[in-house]
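What follows is a short report on a single structure.
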Amino acid sequence: MSFSVGQALPVLEIASVSVEKMKVMALLLDDPNPIHFDPQAVQSLGLGNRPINQGPNSLAYVINMLMAAGGEGALITRTSVRFMANVFARDRLHAGGTVTRIDGNTITCDVWLKRGDDVIVQGNATIALPPEAT
Amino acid sequence: MTASYENLIGYTLPVGSYRVALHESWLANDAMYAAQSDVTTLHPMFLYFAAIRGMGLTLEELFALFGASASDGPMLGETEISQERSMHVDTAYTVHGKIADVQRKHGARVATMDLVTVDFEIRLGDSEPVGRVGSVFVFRRQRS
């Protein structure tokens, strides 16, 4: 894939966020926060009625999009994001970005994760491409 | 009003260690909807996982430093991940962490919150830097 400033990166879709995957992540992270697996805990905190995705899971979707754009051998050297809203079980999401700078083999992008028009995650990232990619 | 935790700025977390088995890499990729093309090389999010699992405290112990528990529903507000080299399965990493900042935020329509920034450095063994993670945890204190 070649890159140019202003170029939109290919959008990645998560068709439906699975609560079962949140449960696996809770175990892998040893994360005791019940909002990721217990709908009653979410309700009692006034945060809705569906389990809430781990922030790192939501960020992972953005990084997956960047890895797909960078191709084999690319390294995501920096990712900086803010979490603007919660992702709930069964949400449909899209991750994307725009190239803002190219410096040799290094591509800098604005990145986002959206639910419809709502921005869930927003920030920027840098991809180091393998030398043969440019 | 809840206690102030600014005195914890600069607090160094116990040094911890982290190692990932092959099946954990596969399961994490599956949980993140990531490709399974090379599960021996860890997904970039494993820098964050190394910070959380290897910081020398459990998450519950970290929350307790700030008078909170997992049942309070603390959130991740921001994070920055910098990676110098790839991480791999069955490799020993060391995690160094410290409390970098504590800020109390008051809003007219939202709960009072403490924003706690924790900085981590992940090293191969205990020498070569692999990457850094900075995370801002959000602790809701009360409804105004």
Subset of the stretch A:46-60 [in contact (Cβ under 8 Å) with a residue 12 or more places away in the chain, at the interface with another protein chain (Cβ under 7 Å from one of its Cβ atoms) and assigned to a helix (DSSP H, G or I)]
A:G55, A:P56, A:N57, A:L59
Within the stretch A:61-70, how many residues are more than 7 Å from every other protein chain (Cβ to nearest Cβ) and either under 11 Å from A:I107 (Cβ atoms) or not small (G, A, S) (or both)?
6
Within the stretch B:74-92, is even one residue more than 9 Å from chain A (Cβ to nearest Cβ) and at pLDDT below 95?
no
Based on what the data block shows, is A:A74 small (G, A, S), within 12 Å of chain B (Cβ to nearest Cβ) and surrounded by 15 or more Cβ atoms within 10 Å (Cβ to Cβ)?
yes
Residue among B:V116, B:V110, B:V95, B:V130 that is at pLDDT 95 or above and over 30 Å from A:L129 (Cβ atoms)
B:V116
Of everything in the stretch B:77-95 that's buried (at least 19 other Cβ atoms within 10 Å of the Cβ) and among the aliphatic types (A, V, I, L, M), which residue is nearest to B:S135 (Cα to Cα)?
B:I81
So A:G48, is it closer than 20 Å to A:R115 by Cβ, under 14 Å from the mean Cα position of the chain (by Cα) and at pLDDT below 95:
no
Going by the conditions given, is A:Q7 exposed (fewer than 13 other Cβ atoms within 10 Å of the Cβ) and out of contact with any Cys (no Cβ under 8 Å at 6 or more places or on another chain)?
no
Exception for A:S80 within (1) small (G, A, S); (2) in a strand (DSSP E or B); (3) in contact (Cβ under 8 Å) with a residue 60 or more places away in the chain falls at (3)
Hey, A:V17 among the β-branched types (V, I, T) and either within 22 Å of B:A64 (Cα to Cα) or not in a loop (DSSP other than H, G, I, E, B) (or both) or not:
no
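The values are calculated or read from the model by the stated rules, or taken from the named source; none is laboratory data. Please read all numbers here as calculations on a predicted model, not as lab measurements. All Cβ positions, glycine included, derive from the backbone under ideal geometry; neighbour counts span all protein chains shown.
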